[in-house]
Amino acid sequence: MIDLQVELPGLKLKNPLMPASGCFGFGREYSKFYDLSLLGAVMMKAATGEERSGNPTPRVAETSSGMLNAIGLQNPGVAKIIKEEVPFLANYDTAVIANVAGSTVEEYEEVATKFNQTSDVHALELNISCPNVKEGGIQFGTDPEMAKHVTEKVKQASNKPVYVKLSPNVSNIVAMAKAVEEAGADGLTMINTLTGMQLHLPSRRPLIANKTGGLSGPAIKPIAIRMIYEVRQATNIPIIGMGGIQTAEDVLEFLLAGANAVAVGTANFQNPLILPELISELPEVLRKYGFSSVKEAVGKAVIE
Amino acid sequence: MIDLQVELPGLKLKNPLMPASGCFGFGREYSKFYDLSLLGAVMMKAATGEERSGNPTPRVAETSSGMLNAIGLQNPGVAKIIKEEVPFLANYDTAVIANVAGSTVEEYEEVATKFNQTSDVHALELNISCPNVKEGGIQFGTDPEMAKHVTEKVKQASNKPVYVKLSPNVSNIVAMAKAVEEAGADGLTMINTLTGMQLHLPSRRPLIANKTGGLSGPAIKPIAIRMIYEVRQATNIPIIGMGGIQTAEDVLEFLLAGANAVAVGTANFQNPLILPELISELPEVLRKYGFSSVKEAVGKAVIE
Amino acid sequence: MRKVKMKLLEIREIAKDTIEMKLTDNYITEVAKPGQFISIALPNYTLPRPISIANIDRDKQELTLLFKIMGKGTNELAGFIPGAEIDCFGPNGNSFPLMSGEMTKVLLIGGGIGVPPLYYLGKQLKKQGIKVVSILGFQSSENVFYEKEFARLGETFIVTDDGSYGMKGFVTDAVTSVPSFNAYYACGPTGMLRALTTQLHNKTGYISLEERMGCTVGACAACVIPTTEGGYKKICHDGPVFAAEEVIL
Amino acid sequence: MRKVKMKLLEIREIAKDTIEMKLTDNYITEVAKPGQFISIALPNYTLPRPISIANIDRDKQELTLLFKIMGKGTNELAGFIPGAEIDCFGPNGNSFPLMSGEMTKVLLIGGGIGVPPLYYLGKQLKKQGIKVVSILGFQSSENVFYEKEFARLGETFIVTDDGSYGMKGFVTDAVTSVPSFNAYYACGPTGMLRALTTQLHNKTGYISLEERMGCTVGACAACVIPTTEGGYKKICHDGPVFAAEEVIL
Ligand SMILES: Cc1cc2nc3c(=O)[nH]c(=O)nc-3n(C[C@H](O)[C@H](O)[C@H](O)COP(=O)(O)OP(=O)(O)OC[C@H]3O[C@@H](n4cnc5c(N)ncnc54)[C@H](O)[C@@H]3O)c2cc1C
Ligand SMILES: Cc1cc2nc3c(=O)[nH]c(=O)nc-3n(C[C@H](O)[C@H](O)[C@H](O)COP(=O)(O)OP(=O)(O)OC[C@H]3O[C@@H](n4cnc5c(N)ncnc54)[C@H](O)[C@@H]3O)c2cc1C
Ligand SMILES: Cc1cc2nc3c(=O)[nH]c(=O)nc-3n(C[C@H](O)[C@H](O)[C@H](O)COP(=O)(O)O)c2cc1C
Ligand SMILES: Cc1cc2nc3c(=O)[nH]c(=O)nc-3n(C[C@H](O)[C@H](O)[C@H](O)COP(=O)(O)O)c2cc1C
Ligand code: FES
Ligand code: FES
């Protein structure tokens, strides 16, 4: 028997697979395709202090082996999420991770504090790729000092483990990871999307109404693997890896690079059953490459 | 008649298409497939002060819509390039751009100075993605101050126009572009590759012997378009754009984003005739989307 | 909603760049309603292609799609040959409300590749004894398709932008020639729908919308449309059919 | 070297996961020499797949490839059906030196999917009146292919790792049973070539090498091999055939 279980701060996962934030709503839609109790965890869509309506459309565009998105944090606000969405997920035997977003440090704190109300959320994922309105739109996720500050504040506000989601749009991912580790982060999730743009030739306009969007999908997988590997060498907290996962072999590649668990985003769109399929295929792939458990494979890349 | 001509500092190009550095050697191989005089220019493979043997193999790996490479600056050294390769290219009616690399500022200066000897090189492309050995391996290309310094030094050493090649592995591409513009760069070429990694599951080792490699190909096109657009808004010097170009529509997309000319790298490998094919298809694509010349299309993205 | 493999039975070009596909499957043909769409997952593409259900023959377990070659994905789809298995999931979205009993006559208004979902709708309406009048707008004669099929459902007007076939003009011009109807159902380009809903603002109307999609099932919030009540609805999940007055085009 | 479209004539599995393809083309079949390879550009892949020329029938303008399904690209290639057009370019690389006149007897040593280029070579050598002895090594009986074809060229020994067919052991074991020869030509896994060149270090030998490639034409410096003289040579351009003593395996 191949052991798929993974234990991470606040999270006892029956397997290392979960949907990535923003790609799975709050689980309702995919629950029509399969039983969400199959999943290791669910990463909910971003929550902000108040309801947000998001960006104008088009919000997505296809690229070679990838896609751009600029949804713009559309969500009903943290209070409604706790009232209406978390209870739905609590019906399932799966861990729940709340994605915390905001435009100011205070908003992050507010959202994190609110999630303390419910025991049905098991961990927070701090989405620091949002622009900081007060600092003139610089992303929390590209400045180590800002990332450290917001992580500290959220740690103080929250009684749940905090995973910080790292943006790949940086010169030095290790510096970012170390900054949030020092600030007390319990874990990391990586990578978020790379900023990209695509032009629609007939109109000469960006295909995404918001001009730029975040690039996800298999196109970015080599960047995710490199960053996870680099961060694994330099930090000690667990990593939930993501970025272009499509196959059970991809899952193993992330584990070898140093991820303790993985999330699948974009691949849900082309195949709504991708997560249960990967969960059922993973044991055979682990066995094929000589592992008897997920834990055993973590960080086992051989690199001289 | 659609006018394909482009005039850039030091370069009178009959069309905006050229092979990207490192993907075309010094032109000999592809000259067996077609007449190099068809090309707007040729960007030569990187030159260093002395001969370099490069990295161990495997040096390349395929990824989804892209590839990784870590050739490691294998080249015969600037002197031999001037003696043996430049004269070969001088046989053709095309502009020649020399790619200047090094591990220290002094090496960049040395290479640039040597290229002054020959009038058959029309411009330099400063490859600042190489690690600076003296500064402990930090890339010139990710630190604005270092980039500025090496650009200034090379400008002093050279009597040819200097195009600085920007690395996309940075938090702020505009800061990099502005720094080298201030330092006197005559133009920019962008983007170089994104650092990535891929693991070979049976051996658990990186597929690239050098661990990490540079990601190129259509996978990175949205990142290239975004960065070129951002830099076009913030600087005034011309841009030679590259990153994933495969079709004449892609060429137009780069022009609209703000590139004055474009280079094609990875796509040569799957189709050795890609450059002459794009050159012959570009006029029809320009016409289709309402342009009568290349110049007219540059920077014409409509973005509110 | 399920993930299914459909087998391609027949494929033919029925107008310029316009393909009719007949597929077989035993789940979607059983449950799908007029106005719903399916999502087609093509190998080597990141996003599914949403295509409306143009017809279903439940007995034969046969589903018809009509699509126009617009880009890479639809071009590739047009190259499939009978026997091929196509990965799909669905049926997705809501459906056209049928309101049987309340209606005696309805108007179907389709523009270009917005025509397909109206055909399955028209068949169902006719089956319920409702009189169906159709106005189908196309760019030019070479784009016209399914005229005969709609004519079998009831009176049918064809309009072309250039007058090369049927009436010259837009569907909005033809609407004036249909004296009375209980409700209208429309699908087509946003510009057409905007003009129509303005023209027919005092009529009961249902429109089917398109937007670029990510998940096509309601999970990613890519395909939203602002509503008159404020906020956004998801076209793939709350639509693609909306009451005319419900959304801001 | 040209870019060509080859038409697939026949395709069949000749051993486990091992495919024989016959293609037609009028340029490469005219100019290619034994030891050269062609580059296959599959749609949706970034890099070309280098495959050795296993045989050419110049009169029929027919080219044979033999390849093993190793990953995504070769798997896709194996699914092509007769009539398909395949984008290729080549012929690439140098070729096996034939040294006619100097030789009376040569030994061909192939391991697994290293066997193909030796077949075209053997045919050319035989045509020149040179005696050909072949040693072909495979993992197991199910992997054996082209035994009959090689037997037609001369004495042929089959070795399998597990002894399930022919002799049990490695090609190096079989080499000792061939008393004398003027030169050997070998192609196969690096481990095999390393053992062979050590064992036969006092013999004239030519080996054909593989390495992961980018351009396959000599432009990118991806596919290098260190040489005994110092520095690197490009396998795709200066090889794939090297004198045994020229390179460091
Ligand atoms: C609910 C719904 C029902 C539809 N029904 C039909 C139908 O019955 N017949 C038909 O011909 N077309 C229909 N369309 C439009 C069809 O989905 C697009 O024409 C198709 O996706 C284009 O794909 P492509 O690869 O050829 O184009 P590309 O431009 O190469 O596609 C790139 C991306 O943009 C998306 N895209 C491009 N055009 C559109 C569009 N007009 N609407 C939505 N997404 C788009 C694609 O899905 C893909 O993600 C429908 C769209 C929606 C949203
Ligand atoms: C000069 C030369 C001649 C060859 N001749 C033959 C032949 O006649 N028959 C045959 O079966 N195989 C031959 N090979 C090996 C063949 O090219 C690979 O098996 C094939 O490219 C694998 O592609 P894939 O997509 O199935 O594998 P994947 O692993 O999916 O390919 C990923 C990438 O790695 C490269 N790659 C993978 N394995 C190899 C390999 N062993 N050597 C080089 N590149 C590799 C691919 O080309 C591709 O770029 C030859 C290789 C070279 C260099
Ligand atoms: C449509 C879409 C919406 C997303 N929304 C969020 C979000 O709300 N919060 C967040 O942290 N990440 C968000 N992401 C990023 C993903 O969670 C994930 O980090 C990224 O897409 C890389 O994984 P993938 O390649 O498997 O999609 C979103 C991605 C997509 C494609
Ligand atoms: C095999 C290979 C070698 C390269 N070598 C160099 C180089 O020597 N100097 C350089 O500035 N860029 C080098 N590059 C980067 C390319 O010039 C180009 O910037 C990049 O590949 C993006 O373009 P593409 O997607 O069209 O390949 C190399 C790229 C590849 C794929
Ligand atoms: S496409 Fe994802 S919500 Fe509609
Ligand atoms: S593969 Fe490019 S030099 Fe050999």
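Residue-by-condition table, conditions (1) at negative phi; (2) at pLDDT 95 or above; (3) open to solvent by less than 20 Å² (accessible area, probe 1.4 Å); (4) more than 14 Å from every other protein chain (Cβ to nearest Cβ):
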| residue | (1), (2), (3), (4) |
| --- | --- |
| C:177 | yes, no, no, yes |
| C:203 | yes, no, no, yes |
| C:220 | yes, yes, yes, no |
| C:233 | yes, yes, no, no |
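For the range A:293-304, which positions are more than 17 Å from residue A:261 (Cβ to Cβ) and open to solvent by 60 Å² or more (accessible area, probe 1.4 Å)? First the steps, then the outcome.
Filtering the range A:293-304 for residues more than 17 Å from residue A:261 (Cβ to Cβ) gives A:302-304.
Once the filter is applied, which keeps residues that are more than 17 Å from residue A:261 (Cβ to Cβ) and open to solvent by 60 Å² or more (accessible area, probe 1.4 Å), the range A:293-304 yields only A:304.
Is the range D:194-201 home to any residue that is open to solvent by less than 30 Å² (accessible area, probe 1.4 Å) and outside any loop (DSSP other than H, G, I, E, B)? Let's see the steps before the verdict.
Pass one, the range D:194-201, residues open to solvent by less than 30 Å² (accessible area, probe 1.4 Å): D:196-197, D:200.
Applying the additional criterion that residues be outside any loop (DSSP other than H, G, I, E, B) yields D:196-197.
Scanning the range D:194-201 turns up at least one residue that is open to solvent by less than 30 Å² (accessible area, probe 1.4 Å) and outside any loop (DSSP other than H, G, I, E, B).
Do we have residue D:113 as assigned to a loop (DSSP other than H, G, I, E, B), among the aliphatic types (A, V, I, L, M) and open to solvent by 50 Å² or more (accessible area, probe 1.4 Å) here? Before you say what the answer is, go through the steps one by one.
On the way: assigned to a loop (DSSP other than H, G, I, E, B): no; among the aliphatic types (A, V, I, L, M): yes; open to solvent by 50 Å² or more (accessible area, probe 1.4 Å): yes.
So residue D:113 fails the test.
Being of a type outside the set (Ser, Thr, Tyr) and over 16 Å from residue B:76 (Cβ atoms) narrows it down to one residue among B:123, B:98; which is it? Show your work before the answer.
On the way: B:98 fails: over 16 Å from residue B:76 (Cβ atoms).
On inspection, the qualifying residue turns out to be B:123.
For the range A:232-270, name all the residues that are more than 9 Å from ligand 3 (Cβ to nearest atom) and within 14 Å of chain C (Cβ to nearest Cβ).
Residues satisfying the conditions are A:247, A:270.
Return the total of residues in the range A:117-142 being modelled with pLDDT of 85 or more, under 20 Å from the mean Cα position of the chain (by Cα) and open to solvent by less than 50 Å² (accessible area, probe 1.4 Å). If you could, list the steps in order and put the result at the bottom.
Within the range A:117-142, the subset modelled with pLDDT of 85 or more is A:117-128, A:140-142.
Imposing the further condition that a residue be under 20 Å from the mean Cα position of the chain (by Cα) reduces the set to A:120-128, A:140-142.
Cutting the leftovers down to open to solvent by less than 50 Å² (accessible area, probe 1.4 Å) gives us A:121, A:123-128, A:140-142.
Going through the range A:117-142 one residue at a time, the tally reaches 10.
Would you say residue B:278 is within 21 Å of residue B:42 (Cα to Cα) and away from every other protein chain (no Cβ under 12 Å)?
On the way: within 21 Å of residue B:42 (Cα to Cα): yes; away from every other protein chain (no Cβ under 12 Å): yes.
Judged against the criteria, residue B:278 is a match.
Exactly one of these conditions fails for residue B:251: (1) closer than 21 Å to residue A:223 by Cα; (2) surrounded by 23 or more Cβ atoms within 10 Å (Cβ to Cβ). Give me its number.
(1)
Can you tell me how many residues in the range D:90-112 are touching a helix residue (DSSP H, G or I) at 6+ places or on another chain (Cβ under 9 Å) and on the phi < 0 side of the Ramachandran plot? Even if it seems obvious, please write down each step before you answer.
Initial filter on the range D:90-112 (touching a helix residue (DSSP H, G or I) at 6+ places or on another chain (Cβ under 9 Å)): D:90-91, D:95-96, D:98, D:100, D:103, D:106-112.
Then keep just the ones that are on the phi < 0 side of the Ramachandran plot; that gives D:91, D:95-96, D:98, D:100, D:103, D:106-111.
The number of residues fulfilling the criteria is 12.
I'd like the residue in the range B:215-231 that is crowded, with 24+ Cβ neighbours inside 10 Å and more than 7 Å from chain A (Cβ to nearest Cβ) and, out of all such residues, is farthest from residue B:61 (Cα to Cα).
B:231
Tell me which strands (runs of 3 or more DSSP E) are completely within the range D:1-102 and hold 1 or more residues being more than 20 Å from the chain's Cα centre (by Cα), or say none if there are none.
Details: elements: D:2-15, D:18-24, D:37-41, D:49-52, D:55-57, D:62-68, D:85-92.
Fully inside the range D:1-102 and qualifying: D:2-15, D:85-92.
Looking only at the range A:145-156, count every residue that is surrounded by fewer than 20 Cβ atoms within 10 Å (Cβ to Cβ) and either within 12 Å of chain B (Cβ to nearest Cβ) or not acidic (Asp, Glu) (or both) and tell me the total. Reasoning before the result, please.
Of all residues in the range A:145-156, those surrounded by fewer than 20 Cβ atoms within 10 Å (Cβ to Cβ) come to A:145-146, A:149, A:152-153, A:156.
Adding the requirement that they be either within 12 Å of chain B (Cβ to nearest Cβ) or not acidic (Asp, Glu) (or both) leaves A:146, A:149, A:153, A:156.
Residues that pass the stated criteria total 4.
Considering only the range D:82-96, how many residues are within 11 Å of chain B (Cβ to nearest Cβ) and open to solvent by 30 Å² or more (accessible area, probe 1.4 Å)?
1
What's the number of the only condition in (1) at pLDDT 95 or above; (2) charged (D, E, K, R); (3) open to solvent by 60 Å² or more (accessible area, probe 1.4 Å) that residue D:211 fails to meet?
If we test residue D:211 against (1) at pLDDT 95 or above; (2) charged (D, E, K, R); (3) open to solvent by 60 Å² or more (accessible area, probe 1.4 Å), just (3) comes out false.
Would you mind stating whether residue C:227 is within 21 Å of residue C:95 (Cα to Cα), away from ligand 1 (no atom under 16 Å from the Cβ) and either buried (at least 21 other Cβ atoms within 10 Å of the Cβ) or among the polar types (S, T, N, Q) (or both)? Lay out the reasoning, then the answer.
Numbers: within 21 Å of residue C:95 (Cα to Cα): yes; away from ligand 1 (no atom under 16 Å from the Cβ): yes; either buried (at least 21 other Cβ atoms within 10 Å of the Cβ) or among the polar types (S, T, N, Q) (or both): yes.
Yes.
Could you tell me whether the range A:177-197 includes any residue that is at the interface with chain B (Cβ under 10 Å from one of its Cβ atoms) and either among the hydrophobic types (A, V, I, L, M, F, W, C) or more than 20 Å from the chain's Cα centre (by Cα) (or both)?
yes
Limited to the range A:198-214, what total is found for residues that are open to solvent by less than 30 Å² (accessible area, probe 1.4 Å), facing another protein chain (nearest Cβ under 9 Å) and of a type in the set (Gly, Ala, Ser)?
The number of residues fulfilling the criteria is 1.
The values are calculated or read from the model by the stated rules, or taken from the named source; none is laboratory data. Predicted model, so just to flag it, every value in this text is computed and none were measured. Positions of Cβ are backbone-derived with ideal geometry, glycine not excepted, and every protein chain shown enters the neighbour counts. These accessible areas exclude ligands, DNA and RNA; they are computed on the full protein's heavy atoms, side chains included. Shrake-Rupley method; radii C 1.70, N 1.55, O 1.52, S 1.80 Å.
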